[in-house]
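Here is the structure we will look at, set down as structure tokens.
The values are calculated or read from the model by the stated rules, or taken from the named source; none is laboratory data. Since the model is a prediction, treat every value here as computed from it, not as a measurement. All Cβ positions, glycine included, derive from the backbone under ideal geometry; neighbour counts span all protein chains shown.
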Amino acid sequence: MVIDISGIIKNDGAILSIEFNEVIPSLEAVIKGIEFNKPVEFKGRLANGQGMLYLSGIMGTCYEIDCYRCSKHLERCIEIKVKEGIVSVEKNGDEDVYTYQGNFLDLSAIIKDNIVLSVPMRVLCSNDCKGLCHICGTDLNEGSCSCIKESGDPRFEVLKDFFKE
Ligand SMILES: [Zn+2]
Ligand SMILES: [Zn+2]
């Protein structure tokens, strides 16, 4: 995702509208167990403030993930407010900042970082998902199994949930 910034880089205060809607293939490898096969949409702008670039806008995408308790396949969507400063690579003395080089700005790292920070590591199909039976694997949202008897004490159930989280 490389953007030509030649139109604004020489003019202090210049603004470039940025809009894209693309599948970002490198996202796939970033978080284990999460599939990003929907495009990432972005609407915003890039402003030149004395040679420093300011990106702002709204980014959104959807991803697929399995419920942490019952493994049901889920789709979830996120919307992220993006606000980042970007400096010229020539002036950069700090490794932890986003940079542009000459007339080009690669947005890949910004896209990736914003999404990674917004995606939860664990997702539940619903807050009261009962999960799978630890013994026989029955989906307890759909029915009960005979193993329940042995651990049917509600106080024990609470404890089990506590240790699982
Ligand atoms: Zn579930
Ligand atoms: Zn069971």
Residue within the range 148-161 that is out of contact with any Cys (no Cβ under 6 Å at 6 or more places or on another chain), closer than 28 Å to Glu35 by Cα and at pLDDT 95 or above present
no
Where a residue in the range 20-42 is touching a residue at least 40 places away in the same chain (Cβ under 8 Å) and its partner, wherever it lies, is surrounded by 15 or more Cβ atoms within 10 Å (Cβ to Cβ) and part of a loop (DSSP other than H, G, I, E, B), with Cβ under 6 Å and at least six apart
Leu27/Phe36; Val40/Ile24
Residues in the range 18-31: is at least one of a type outside the set (Lys, Arg), loosely packed, with under 13 Cβ neighbours inside 10 Å and within 15 Å of Pro120 (Cβ to Cβ)?
no
Quick one: Leu124 ticks every box in (1) at pLDDT 95 or above; (2) surrounded by 16 or more Cβ atoms within 10 Å (Cβ to Cβ) except a single one, so which number is it?
(2)
Unique residue being among the hydroxyl-bearing types (Ser, Thr, Tyr) and without any contact (Cβ under 8 Å) to a residue 40 or more places away in the chain when the list is Tyr68, Tyr63, Tyr54
Tyr54
Picked from the range 100-121 (must be crowded, with 16+ Cβ neighbours inside 10 Å and assigned to a loop (DSSP other than H, G, I, E, B)), the residue nearest to ligand 1 (Cβ to nearest atom) is Val119
I'd like to verify a number: residues in the range 61-92 that are part of a strand (DSSP E or B), over 30 Å from Cys133 (Cβ atoms) and hydrophobic (A, V, I, L, M, F, W, C), how many?
7
